[in-house]
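Encoded as structure tokens, the structure appears first; notes follow it.
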Amino acid sequence: MATRSFKGLLRKTEGGLVVDFTYTHLDGYPSWLGKILVEHYSDLNRLKELLSLGDTSVLYPALYPSEVEGCEKHSFDTPCDGVTIFYGRDRGEDNVNMKTLTWKEFLDTAKESGAEFLYVAVPDPYDSSKVLWYVIPTYDIEETYPNRDSKTFNLRAYMTYRLTKKRIYIEPIPVETL
């Protein structure tokens, strides 16, 4: 059974909050996907590169076979250990590119898709080359959404968790820093 999830970058536009995101089919629980995102995709450029490659079957620390020693051939059917498996690149599927939706559309899509966790990155206010990761269990999404004038994103804050390498904090996503 798959633990489906979305991972994306939250950003502010003139029209409000939008999320650039992709889908991950397997191992979407925080102890696997959350850990990998924090440890290997907290660099903004690395995250953008990950998202640009589209939907994933399963996420690993490496994006490319060349990042893993001894990995000569990598595909969906014959993957190399530690290399992310992409539906487009490794399986040849179509319509698996990164998508951009408004915050409300993103939440609605997540609920309708059966995704169990949403991983949302926001730029680190103290280091513009880094991101901070948050996870939202989709079973707890409220019917209220922040508008573009929100000072603090609050999606039942006690169920919005900030992920770090050492701990998980209960913390609202700070949209005022976007």
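Assorted remarks:
- Answer from 65, 125 - the residue that is over 16 Å from the mean Cα position of the chain (by Cα) and closer than 27 Å to residue 12 by Cβ: 125
- Taken together, 42, 66, 57 contain a single residue that is crowded, with 18+ Cβ neighbours inside 10 Å, polar (S, T, N, Q) and over 17 Å from residue 5 (Cα atoms), which is 42.
- Scanning the stretch 13-33 for residues that are surrounded by 22 or more Cβ atoms within 10 Å (Cβ to Cβ) and more than 19 Å from residue 109 (Cα to Cα) turns up just one, 33.
- Checking each residue in the stretch 26-73 for being assigned to a loop (DSSP other than H, G, I, E, B), touching a helix residue (DSSP H, G or I) at 6+ places or on another chain (Cβ under 8 Å) and at pLDDT 95 or above picks out 41, 53, 54, 55, 59, 60, 61, 63.
- Contact map, the stretch 102-115: first residue more than 10 Å from residue 19 (Cβ to Cβ), second residue among the hydrophobic types (A, V, I, L, M, F, W, C) and buried (at least 22 other Cβ atoms within 10 Å of the Cβ), Cβ cut-off under 7 Å, separation 6 or more or different chains; pairs are 115/6.
- Here residue 22 does not fit the description of being under 26 Å from residue 101 (Cα atoms), in contact (Cβ under 8 Å) with a residue 24 or more places away in the chain and over 13 Å from the mean Cα position of the chain (by Cα).
- Restricting the stretch 101-145 to residues that are small (Gly, Ala, Ser) and closer than 20 Å to residue 164 by Cα, the residue that is modelled with the highest pLDDT: 129
The values are calculated or read from the model by the stated rules, or taken from the named source; none is laboratory data. Just so it is clear, the model here is predicted, and its values are computed rather than measured. Because the Cβ atoms are built from the backbone with ideal geometry, glycine has one as well, and the counts that use them run over all protein chains shown.
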